[in-house]
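A short worksheet on the structure shown next.
The values are calculated or read from the model by the stated rules, or taken from the named source; none is laboratory data. A quick note: this is a predicted structure, and the numbers were derived from the prediction, not measured. Cβ placement follows ideal geometry from the backbone for every residue including glycine, while neighbour counts extend to all protein chains displayed.
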Amino acid sequence: MKIVVCVKQVGALGDEVEFTDDERDVDPDYLDYALNEWDSFATEEALRVREAAGEGEVVAVTVGNEDAEDAMRRALAMGADRGIRVWSDELAGADPITVARALAEVVHAESPDLVLCGVQSSDAVQAATGTALAELLGLPRVAVVTKLDLGSGAATVQRELEGGLIDVVEVDTPAVLTIQTGINEPRYATLRAIKQAEQKEIEVREPGDLGAPAARVRRMFVPAKGEGAEMLDGDAAAIAGRIKEIVDERMKA
Amino acid sequence: MARDPRHDILFEPIQIGPKTMKNRFYQIPHCNGFGSEKPMSQAHFRAMKAEGGYAAVCTEYCSIHPESDDTHRVSARLWDDDDIKNLGLMCDMLHEHGALAAAELWYGGPHAPCMESRCVPRAPSQIPSDFEYLTYPKEMDRDDIREVQGFYVEAAKRAREAGFDIVYVYGSHSYLPQQFLTPYYNRRTDEYGGSFENRARFWRETIEQVRDAVGADCAIAVRMSTDMFLGEAGTQLERDCLPFVELCDEIVDVWDINVSGISEWGEDATPSRFYESGRMLPWQKAVKGVAKKPVLGVGRFTNPDVMVEAIESGSLDIIATCRPSISDPWLPRKIDEGRLDDIRECIGCNICISRWEIGGPPLICTQNATAGEEYRRGWHPEKFEPARNADNDVLVVGAGPAGMECAMILGKRGMRRVHLVEAGEDMGGGMRWIPQLPGLGEWARVVNYRKIQIDKLKNVEFIPSTRLDAQGVKEYGAEIVVIATGAYWATDGLNGCSHDTIPGADASLPWQLTPEQIMFEGKEVPGERVLILDTDGYYMGVSLAEKLAREGKKVTLMTHLGHIAPYMHFTLEAPNQHRILHKLGVEIVPYHLPSKLEAGRVLAGHVYDEEEHQHEFAADAVVLVTQRRSNEALYRELKDSVGIDALRAEGITGFYRIGDCEAPRLTADAVFSGHRLAREIDTDDPETPLPFKRERRVIEREAVPA
C-alpha cells in the first residue's frame, strides 16, 4: 500500500502586513509559516490507511523552495516515510494548475494506490490543486472528503456538500481525494519523532515542462475604504425587511 | 508596532505645580514590603516602572516621624538623614528613566501601633483604632497640633533633599489629616472640630506649611478619600470633600482621589470578585468638576480604552495605577508600542496586598512572578537571557499556571523546542474552572495572557488532549523533563487540623463532593441541605458556599478556625464576602470539626471542648474543602519505578517538578515556581533555587567590642 500525500507550507498573517516591492505577493517578513491545516488531516488519514493495511509507505510530496522543508518535516515527524520536494525558480508564486503539473510528474512516477491532498490551502484558498492533479493523472477524484473506507480496488467515501449534506460515493482506486478538516484528529509529533524526521530523506527534483501559467497575480493591495456601513438594529424580521428594502433600492438604481 | 492614535491623549505631558509629567501614567503610592530599610529592592522595584514608561512613581506611605510607626507592617520612613540616603537611590533611579519621584508623607494617628518605636501616636480624639487592636492615641492639644505639623514640614524638607519631586499630605485611608476632617474620628469642640471650617483647619494649615517649605521645588499632592461609607459620621463627598477641594485648590498642585476608610480599604483596592475596573470614577469626576488643578486616581485600569474614556469624560487628568503596575510595570510602554496583547493584566486577586496586611513579607503577584524580585534575584519582567543549554528540547507535562509559565519563559529564553503537553483539551489546569466560581471571572487572565504569549512563541508547541504515562515521557525525546501535573482536593477528609482523615469521608460516594467534582466534573450536589467543610482557609470554601446558596441550597459552612476564610482578610475580600454569605442565609459554624460523616448527617464537635460533645448537623450533601494533595503519580513513577538512571539512558539530563505537583500552593507561588525553574534552567543545579540577595546589615566582628 503506497499513499502519496501532497502537502504545502502556508504563510499566516500576523497583525500587520506589507507587500513585496513588485506588489505581487505578501512580504515574507510579515508571514509565519506552517504545514497547511488541511494537509495535516490528509497526512493523518494517509498514516491511518497505512496502519490499517499493516504495511506500506506514505510519501509526502511538496512544491516549494528549501524553506518549505519545515512543513515537509512536520509531515515526516507525524510518520510519513519519506519526502519529495519539487522546485525550480519558475515555480515561485505559481498558480494551482502549474503546481499540479509539477506534482503530477512526481506522483505518477510513484505509482501510488491512493493520492490524498488537503481540500485547500489556508493562504491561497483556491481549492484547485487536488482536482487539477486528478485530471492531469487521469484518476478519479472526490473533493471535500469527510470519511474514507478503503476496500480492494475501490473506496467508499463521504463528501461534504453545501448545507450540511453528505454524499456517499464509491470510487475506484487509485484515486485522488481532497481531505476536509475534522475527518480525523491529527496526531502530534513527539520530540523524538521530530528529531527522527530530521534524519529522514527528502529527495529534491526539478520539474519538467510546466507549460504556460494558467493565471498570474497582477497586483496585491489593501482595498480602499468604502462608505460607512449601515448597522441594522431590531429583531430578525425587521432586519430582513430592511435588507430587502436596501436590495430593492440598489436593484432600481 | 505603533501606538493606536486613539490612545495619544495618554501620552500628552501635564504640568503639576513646578513639575511636568511626560505622560499621564502615574504609579500611585503602594506598599511592597521594602520601605526605606531595603533600599536596593525598593529602588529597583520602582525603577522597573519608570523603565516601563511611567511618568511618575511614588513610594508607599512614608512615615514622617517615629510616632507614626506601622510595625508590624512595612512602610517607608523619612525620619532622619540615613532615610534620605536610602530613599534617595530610588529618586536617582527614577530620574535616570525620566520619571518624577513622589513621596507620600504619612502620619497614621491611632492606626499606627508603634511596635518598634514604642512612641504614642497622636490623634484628634482619644478613640482607639478601628483597624488595629489596642492602639490608643493621645488626644492632641494646640501644642501637639503645631508639633505634628512641624513633623510634616521637616519630613517634606527631607523628601526634597532625597530628590523627590512630589510630596503628599496624605489623608485617605483614614490617616491623620482626614481624621481631622471626619466626625467619626474628630469629636473635638475647639477650633479644630465641629464645623466644616474647623474640621478642615488642620489639613489646610499643614498643606500651607508644607507648601511654604518646599512648594517652590516640589509639587504638592493631596490624597483624599471622598466617601468612607460610614454614613453621617464618615467623610462625605458633598458635605466635606468638594468644599475642601474648593478651599485648598489654590495651595494644592494635584488631587489624588479615592474612596474608603482604612478598616475596609478593599472599597478602594477593590477585589475583582466584587468590582470592575473604574469603580471610583463617579467620585473622581465629582472632584474634577470643582478642581482647577489636575485630578489623578486609581481604578485598577488595565485597558487603555477605559483610561482614555476616564480622561475624555472629564473624570481624571492622570491615570494612576497600583495593582496593574505590579502585574505589568511596562503597562504604559506596551500601550505606547501598540502591544496590547502583551499586557499582563491584573486579575484583582489582591494577593499583593495580602503580604502587606500580613505584615513584613515582600509583595508577590499572581500574574508577574518577577514582582519584588527585580533586585534580589535580578529578574526583569520583559528581558530574558538566552539559556546556556538552549540547544536542548524540553517536555513540560501539565499546562496549569506553573507549566504554562515555565514553558513560556523557557520559550523566551530560546530553548530549541518546548512541548507543553496537557491531558485536558485546553490550557489552564485548575484555572480552567476556578474563574467560574462567583466573581472570579477575571482570574481567567492568568490563562489567557500565557496562552497568547505561548501562541506567539515559535519554539513552544502546545499539545492538548494527550495524557502521557511514564513510558510516554521517557520516550518522548526531550533532554529536559518538567512535571507540572498539579494537585487535587483530598477525597477522604485529610486535613491540617486533625492531621488525619475524617471517618466516613469518601468523595466517591454520591453525597460527598470535592470542589473539582462540582466545578469541573459536573457531579450533582444532591438534596437541599449542604454542609461545606472548610479547613483550607482561603477562597474555595466560601466561593462554593456562595455558589450553592445562590443555586437555592441551604448551606452550612463549617470550619475548625475561628473565622471562615481568614486569608481573605488579608486580600480585603472578607467584609463583602461575609455580607454576601449573610444575605444568602449561609449558616457559619466556626471552631468545629466533624468526627463522622454519615448519609444525611454530620457529627461534629467544638475544637476546644475537652469533653468532646458531639453535635448533629443535618446534611444531604457534604463538600470536602479540607486540603489539596499533589498529583504526583507520574513524577513518582518516573523517579521511583523507571528511575533516574533509566531516564539518563534515554538522554534525559534534567528531570524536575514544579508548582502544585510538588506541593499545593497559591497560584502566585505556582507561577513563581514555573518561572524560577525556567530562569535557572541552565544553572549547575536547577532544582535548587539560587540564593537571593538579602538586604541586611552585616557586622564586622573585629570592629564590634566583645
Legend entry - Hits in the range B:211-264 - residues which are farther than 30 Å from B:I353 by Cα and of a type in the set (A, V, I, L, M, F, W, C): B:A213, B:V214, B:A216, B:L247, B:C248, B:I251
Inset, instruction - Using the structure shown, decide if B:G398 is surrounded by fewer than 20 Cβ atoms within 10 Å (Cβ to Cβ) and under 28 Å from A:E198 (Cα atoms). - result: no
Inset, instruction - Determine whether B:E573 is touching a helix residue (DSSP H, G or I) at 6+ places or on another chain (Cβ under 6 Å) and either surrounded by 14 or more Cβ atoms within 10 Å (Cβ to Cβ) or closer than 30 Å to B:I480 by Cβ (or both). - result: no
Inset, instruction - Among the residues of the range A:54-71, write down those that are hydrophobic (A, V, I, L, M, F, W, C) and at pLDDT 95 or above. - result: A:V58, A:V59, A:A60, A:V61, A:V63
Inset, instruction - Could you give me the residue pairs with C-beta distances under 6 Å whose first residue belongs to the range A:72-95 and is of a type in the set (V, I, T), whose second residue is assigned to a helix (DSSP H, G or I) and surrounded by 21 or more Cβ atoms within 10 Å (Cβ to Cβ) wherever it lies, and which are 6+ apart or on separate chains? - result: A:I84/A:V106; A:V86/A:A102; A:V86/A:V106
Inset, instruction - Could you tell me whether B:P137 is without any contact (Cβ under 8 Å) to a residue 24 or more places away in the chain and under 30 Å from the mean Cα position of the chain (by Cα)? - result: no
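Conditions tested, residue by residue: (1) within 25 Å of the chain's Cα centre (by Cα); (2) farther than 19 Å from B:T366 by Cβ; (3) basic (K, R).
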{"site": "B:D640", "(1), (2), (3)": "no, yes, no"}
{"site": "B:G643", "(1), (2), (3)": "no, yes, no"}
{"site": "B:I652", "(1), (2), (3)": "no, yes, no"}
{"site": "B:Y656", "(1), (2), (3)": "no, yes, no"}
{"site": "B:L666", "(1), (2), (3)": "yes, no, no"}
{"site": "B:G674", "(1), (2), (3)": "yes, no, no"}
{"site": "B:P691", "(1), (2), (3)": "yes, yes, no"}
{"site": "B:R694", "(1), (2), (3)": "yes, yes, yes"}
Legend entry - Filter pass, B:W283 being surrounded by fewer than 24 Cβ atoms within 10 Å (Cβ to Cβ) and more than 27 Å from B:I257 (Cα to Cα): no
Legend entry - Flag if B:E610 is exposed (fewer than 14 other Cβ atoms within 10 Å of the Cβ), part of a helix (DSSP H, G or I) and at pLDDT below 95: no
Legend entry - Residue satisfying all of: in the range B:149-183; over 17 Å from B:V254 (Cα atoms) and of a type in the set (F, W, Y); nearest to the chain's Cα centre (by Cα) among these: B:Y175
Inset, instruction - Kindly check whether there is at least one residue in the range A:199-211 that is in a helix (DSSP H, G or I) and either touching a Pro at 6+ places or on another chain (Cβ under 8 Å) or within 14 Å of chain B (Cβ to nearest Cβ) (or both). - result: yes
Legend entry - Residue in the range B:330-344 that is under 20 Å from B:G35 (Cβ atoms), among the basic types (K, R) and outside any loop (DSSP other than H, G, I, E, B) present: no
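So that you can scan it fast, the table gives a plain yes or no per residue for (1) under 29 Å from B:Y538 (Cα atoms); (2) without any contact (Cβ under 8 Å) to a residue 60 or more places away in the chain:
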| position | (1), (2) |
| --- | --- |
| B:H606 | yes, yes |
| B:L624 | yes, no |
| B:E637 | no, no |
| B:T653 | no, no |
| B:P686 | no, yes |
| B:K693 | no, no |
| B:A703 | no, yes |
Legend entry - Residue ID - surrounded by the fewest Cβ atoms within 10 Å (Cβ to Cβ), chosen from residues in the range B:517-551 that are outside any helix (DSSP H, G or I) and β-branched (V, I, T): B:V525
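Let's see how each residue does on (1) assigned to a helix (DSSP H, G or I); (2) outside the structural domain of B:I347 (by TED's automatic domain parsing); (3) of a type in the set (D, E, K, R):
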site	(1), (2), (3)
B:A646	yes, yes, no
B:D669	yes, yes, yes
B:D684	no, yes, yes
B:P689	no, yes, no
Legend entry - Selection within the range B:292-308 - without any contact (Cβ under 8 Å) to a residue 24 or more places away in the chain and assigned to a helix (DSSP H, G or I): none
Legend entry - the range B:392-429: number of residues that are of a type outside the set (A, V, I, L, M) and away from every other protein chain (no Cβ under 12 Å): 14
Legend entry - The one condition in (1) under 20 Å from B:Y488 (Cα atoms); (2) touching a residue at least 40 places away in the same chain (Cβ under 8 Å); (3) aliphatic (A, V, I, L, M) that B:A565 fails to fulfil: (2)
Inset, instruction - Consider A:R216 carefully, then state whether it is farther than 28 Å from A:W87 by Cβ, surrounded by 10 or more Cβ atoms within 10 Å (Cβ to Cβ) and either within 14 Å of chain B (Cβ to nearest Cβ) or of a type in the set (K, R) (or both). - result: no
Legend entry - Pairs, first outside the structural domain of B:P435 (by TED's automatic domain parsing) in the range B:512-528, second among the basic types (K, R), C-beta under 6 Å, six or more apart: B:L513/B:K523; B:Q517/B:K523; B:E528/B:K554
Legend entry - Residue among B:E405, B:E373, B:E385 that alone is charged (D, E, K, R) and surrounded by fewer than 21 Cβ atoms within 10 Å (Cβ to Cβ): B:E385
Legend entry - Answer residue from the range B:440-484, given it is more than 11 Å from every other protein chain (Cβ to nearest Cβ) and touching a Ser or Thr at 6+ places or on another chain (Cβ under 8 Å) and is surrounded by the most Cβ atoms within 10 Å (Cβ to Cβ) among those: B:V446
